[in-house]
Amino acid sequence: MTPPRKLHIKSYGCQMNVYDAQRMVDTLGGVGFVETADAGDADLVILNTCHIREKASEKVYSELGRLRVAKEDAARAGRTMQIAVAGCVAQAEGEEIIARAPAVDVVVGPQSYHHLPELLARAGRGNRAIDTEFPAEDKFGFLARPSAAAIRARGVSAFVTVQEGCDKFCTFCVVPYTRGSEMSRPVEKIVDEVRELADNGVREITLIGQNVNAYHGEGPDGRSWTLGRLLHRIADVAGVARIRYSTSHPNDVDDSLISAHRDLPALMPFVHLPVQSGSDRILSAMNRKHDAAAYLDVVDRFRAARQDIAFSSDFIVGFPGETEEDFRATLALVDQIGYAAAYSFKYSPRPGTPAADMQEMVSATEMDERLERLQSLIDSQQSAFNRAAIGTVVDVLFERAARNPGQIVGRTAYLQPAHVMASPDIIGRILPVRIDSLERYSLLGKLVSATAGPPAGSTASLVTIGA
Ligand code: SAM
Ligand code: SF4
């Protein structure tokens, strides 16, 4: 019997890349690969790359430099190491990678991961392989599903891709070019996947997509279902205690999504709703197709449906032409909403996007200064939000042992990490915790009762996984 080959995969960027990495591991498991944490010891190293900002892309080439040395070391030791570049840099710069990095054996774009075994075999015969097509067939039908053991090893919270690609064409963004146009997976395929995860101890499902609320997959009735309808269906799967979805576009929030928040206790009251800017002038230049007032209106609709709902967002500072007045409009919007968390980025011109040709660049110093001001405002809102939990009892889904001996860490409904001293038996359970204090971004507290049941309305069973 041939010994298993070792695979090391390193992922950058978004949740979708995390999910894709797992599906690549599952698929390559079928042709004899097992995962290793040590790149130097691997027979195959996959870099699963991100192209969203320049910094993310640059990392790939420096990592490839290190891997070239590891590949030469392996060859000296009589071993063959293959190197594959996957993800959005592979899609955008496939030919350039082949030209610039002779150590790379395979380049594979996000829609072609199911071709990996065949591409690796081709490269093994001495032909470097590149596949950045958008094939007609649906890769999900060909990617292997995880084994029960793999699901259990990955923990109590899992991502499930329901939608991919984007047709919005925001002027700064590479996603429509790297991930292609919008597609949605059929409802029943998603439900089967969720059922399998829940049967193996997963308690929390996050439905993911570049534009997840543009979901329009085919339902069992042959009709196109909205995300709101899909969420209702997922909530019916036994064992699913918490549901989330990410990332949403404000323009695709419809009544079915709002009412899902009103009607489904398992749907967590925490929504990632990127706005990018608070200035109507900049929103228009970004081609976001909504203004600040429309965004505020969407937030109000969510809040009317569920009072305890909280929001996070993405912001870009220093988009071409952004003035101090535009930036102040962003600060004003942040002030008005009051976020529980948010990500903010300096604008990074991406080749091939319309904004990359815009001339009025904001200086690096101004960008740095604006980013600092925005982040300090967001930070103060996040701290206030976290401090408000002190003295209250919150439900926590326990995920794993924490770094400190004896501590177990989980997440609240708002994804705040919460630590308690407890036995690992509580992993996989949702239990009430009295929050005593806050340490940076983590809540510290005590279990109210280790024998308590799941929150009202939840279908959680108190299953312990990983035991
Ligand atoms: N689909 C989501 C939406 O509509 O907001 C966002 C997807 S994108 C992968 C994640 C975030 O990266 C964006 O919300 C934006 O803030 C940031 N981003 C995208 N392109 C960028 C660029 N060229 N420069 C800086 N940040 C960028
Ligand atoms: Fe990129 Fe999101 Fe805009 Fe699509 S909606 S182009 S993924 S920022």
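Computed values, structure above
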| item | result |
| --- | --- |
| Scan of the stretch 88-99 for residues that are open to solvent by 20 Å² or more (accessible area, probe 1.4 Å) and either out of contact with any helix residue (DSSP H, G or I) (no Cβ under 8 Å at 6 or more places or on another chain) or within 13 Å of Glu63 (Cβ to Cβ) (or both), ordered by number | Glu95, Glu96, Ile98, Ala99 |
| In the stretch 134-149, the residues that are surrounded by 12 or more Cβ atoms within 10 Å (Cβ to Cβ), charged (D, E, K, R) and part of a loop (DSSP other than H, G, I, E, B) | Asp138, Arg145 |
| Close pairs (8 angstrom Cβ cut-off, 6 or more residues apart or separate chains): open to solvent by less than 80 Å² (accessible area, probe 1.4 Å) and away from ligand 2 (no atom under 16 Å from the Cβ) in the stretch 279-305, among the hydroxyl-bearing types (Ser, Thr, Tyr) and part of a helix (DSSP H, G or I) anywhere | Ser279/Thr330; Ala305/Ser259 |
| Subset of the stretch 186-208 that is open to solvent by 10 Å² or more (accessible area, probe 1.4 Å) and assigned to a loop (DSSP other than H, G, I, E, B) - its residue that is nearest to Val409 (Cα to Cα) | Asn200 |
| In the stretch 2-16, residue least open to solvent (accessible area, probe 1.4 Å) [restricted to those that are at pLDDT 95 or above and in contact with a Ser or Thr (Cβ under 8 Å, 6 or more places away or on another chain)] | Leu7 |
| Pick from the stretch 150-183, criterion open to solvent by 10 Å² or more (accessible area, probe 1.4 Å) and within 29 Å of Leu397 (Cα to Cα), ranking: farthest from ligand 2 (Cβ to nearest atom) | Arg152 |
| Hits in the stretch 244-264 - residues which are farther than 24 Å from Gly278 by Cα and either within 12 Å of ligand 1 (Cβ to nearest atom) or open to solvent by less than 30 Å² (accessible area, probe 1.4 Å) (or both) | Arg244, Ser259, Ala260, His261, Leu264 |
| Those residues of the stretch 21-58 which are in a helix (DSSP H, G or I) and touching a Leu at 6+ places or on another chain (Cβ under 9 Å), in sequence order | Arg23, Met24, Val25, Asp26, Thr27, Leu28, Gly29, Ala39 |
| Among the candidates Ala384, Ala418, residue that is more than 15 Å from Pro269 (Cα to Cα), aliphatic (A, V, I, L, M) and open to solvent by 10 Å² or more (accessible area, probe 1.4 Å) | Ala384 |
| Test: residue in the stretch 322-338 that is away from ligand 1 (no atom under 16 Å from the Cβ), within 23 Å of Arg288 (Cα to Cα) and among the hydroxyl-bearing types (Ser, Thr, Tyr) | yes |
| Output for the stretch 265-277, where each listed residue is open to solvent by 10 Å² or more (accessible area, probe 1.4 Å) and not hydrophobic (A, V, I, L, M, F, W, C) | Pro265, His272, Gln276 |
| Qualifying position, being in contact with a Pro (Cβ under 7 Å, 6 or more places away or on another chain), assigned to a loop (DSSP other than H, G, I, E, B) and at pLDDT 95 or above, among Asp221, Asp167 | Asp167 |
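The values are calculated or read from the model by the stated rules, or taken from the named source; none is laboratory data. Keep in mind it's a predicted model, so treat the numbers as computed, not measured. All Cβ positions, glycine included, derive from the backbone under ideal geometry; neighbour counts span all protein chains shown. Heads up: the accessible areas ignore ligands, DNA and RNA and are worked out on the full protein's heavy atoms, side chains in. Shrake-Rupley method; radii C 1.70, N 1.55, O 1.52, S 1.80 Å.
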